[in-house]
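Can you read through this structure? Questions will come right after.
What follows is calculated from the coordinates using simple rules that are stated; it is not laboratory data. All of these numbers come straight from a predicted model, not from anything done at the bench. With ideal geometry, Cβ positions are generated from the backbone for all residues, glycine too; neighbour counts draw on all protein chains shown.
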Amino acid sequence: MDILTAIGLALPAGLNAYIPLLGLALAQHFGVVALAGPWSELGEWWAIGLIAALLLIEIFADKVPVLDHANDVLQTFVRPAAGAIVAVAASGQAGENYPFAMVALGIVLAGAVHALKAAARPVVNVATGGAGAPAVSTAEDVAAAGSTLIALLVPVLVVVVIALLLVIAWLVFTRRRTKAST
């Protein structure tokens, strides 16, 4: 189950780096998960406050059409790093035995979701004249929060989340290919 939790937290980190980090920190603080080693301080109030402040900045920046693009450029480095952190921290024994594998898994998963988001957002902004950015960003935040809760509380459902992401990715790429050929 720890691997599913790790995967389930790394994926939404590609949408919003701070939602899964905050979810994991709160879960650690309230005893839902037990993080060992250097991750044990993630649930301290100072860390929770810092992550919450960064989350507020991210939420604001992601709602403004021009600012969201600049934010996505910056987040190209932050989101995969957050995916790596939550993956290795939540993976339990696998993270202790194979930390580099878990870091790589987190980077790849969060990076792939971020790449999909970063590719889709300019299309939404152009198609809606920027009016769609707040709605799409809010939907992304809700999806990240929901995925984080699933990963922490019912990790077996992460498999369903992965299936949904694959379907969405397939639809996006199929639609782009169809538009390119016309």
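Please identify, among Gly14, Gly106, Gly23, the residue showing maximal mean-square fluctuation in a Gaussian network model of the chain using a 10 angstrom Cα cutoff.
Result: Gly23 has the largest fluctuation of those listed.
Say the dipole of the range 2-181 comes from +1 at the beta carbon of Lys and Arg and -1 at that of Asp and Glu; which of Gly130, Ile59, Gln75 then lies farthest toward its positive end?
It is Gly130.
Hey, can you list the DSSP H helices of the chain whose Cα span along the axis is 15 Å or longer and whose average Kyte-Doolittle score is at least 1.6? Before the final figure, lay out the partial values.
On the way: long enough: 2-13 (17 Å, 1.63); 18-29 (16 Å, 1.11); 45-61 (24 Å, 2.21); 65-90 (34 Å, 0.87); 99-128 (43 Å, 1.41); 133-153 (30 Å, 1.19); 158-181 (34 Å, 1.55).
Those that clear 15 Å and a mean of 1.6 are 2-13, 45-61.
Among Tyr98, Phe173, Ala36, whose Cα projects farthest towards the positive end of the dipole of the chain, with charges put on the beta-carbon of Lys, Arg (+1) and Asp, Glu (-1)?
Phe173
How big is the chain by the Kirkwood estimate over distinct Cα pairs, in Å? If you can, show how the numbers build up before the last one.
Values: mean 1/r = 0.0608 Å⁻¹.
One over the average 1/r among Cα pairs gives 16.5 Å for the chain.
Rounded, prolate or oblate: which fits the range 46-99 when a ≥ b ≥ c are the square roots of the eigenvalues of the alpha-carbon gyration tensor, with rounded for a/c under 1.5 and prolate only if a/b beats b/c? Each step should come with its number before you reach the end.
On the way: a/c = 4.35, a/b = 1.95, b/c = 2.24.
Since a/c reaches 1.5 but b/c is at least a/b, the shape of the range 46-99 is classed as oblate.
Moving on to the next point. Among Ile162, Ile107, Ile150, which one moves the most in a GNM of the chain with springs linking Cα atoms closer than 10 Å?
It is Ile162.
If I stretch the segment between Phe60 and Ala36 completely, what's the gain in nm (0.36 nm per residue apart, minus their alpha carbon distance), one decimal? Don't skip to the end; give the middle numbers.
Values: separation 24, 0.36 × 24 = 8.64 nm, distance 3.25 nm.
The span from Phe60 to Ala36 would gain 5.4 nm if fully extended.
If neighbour count is taken as other Cβ atoms inside 10 Å, put Lys179, Lys63, Lys117 in order from fewest to most.
Details: Lys179 9, Lys63 17, Lys117 20.
Lowest count first: Lys179, Lys63, Lys117.
Still on this model: Just to confirm the filter: which GluC sites (Glu not before Pro) across the range 42-149 are DSSP coil and have at most 15 other Cβ within 10 angstrom of their Cβ?
Details: sites: Glu44, Glu58, Glu96, Glu140; in loops: Glu44.
For GluC sites (Glu not before Pro) across the range 42-149 that sit outside H, G, I, E and B with at most 15 neighbouring Cβ atoms in 10 Å, the list reads Glu44.
Next question. Where does the range 18-69 land on Rg(C-alpha)/(2.2 N^0.38 Å)? Could you put the intermediate results ahead of the total?
Values: Rg = 13.1 Å, N = 52, 2.2 N^0.38 = 9.9 Å.
After normalising by residue count via 2.2 N^0.38 Å, the value is 1.33.
Given contacts defined as C-alpha pairs under 8 Å and at least six residues apart, what's the relative contact order of the range 2-181, whole-number percent? Write out the running numbers ahead of the final one.
Working: 269 pairs, mean separation 63.6, N = 180.
Averaging sequence separation for qualifying contacts and normalising by length gives 35 percent for the range 2-181.
Under a 10 Å cutoff between Cα atoms, tell me which one of Leu152, Leu11, Leu55 has the largest fluctuation in the Gaussian network model of the chain.
Leu55
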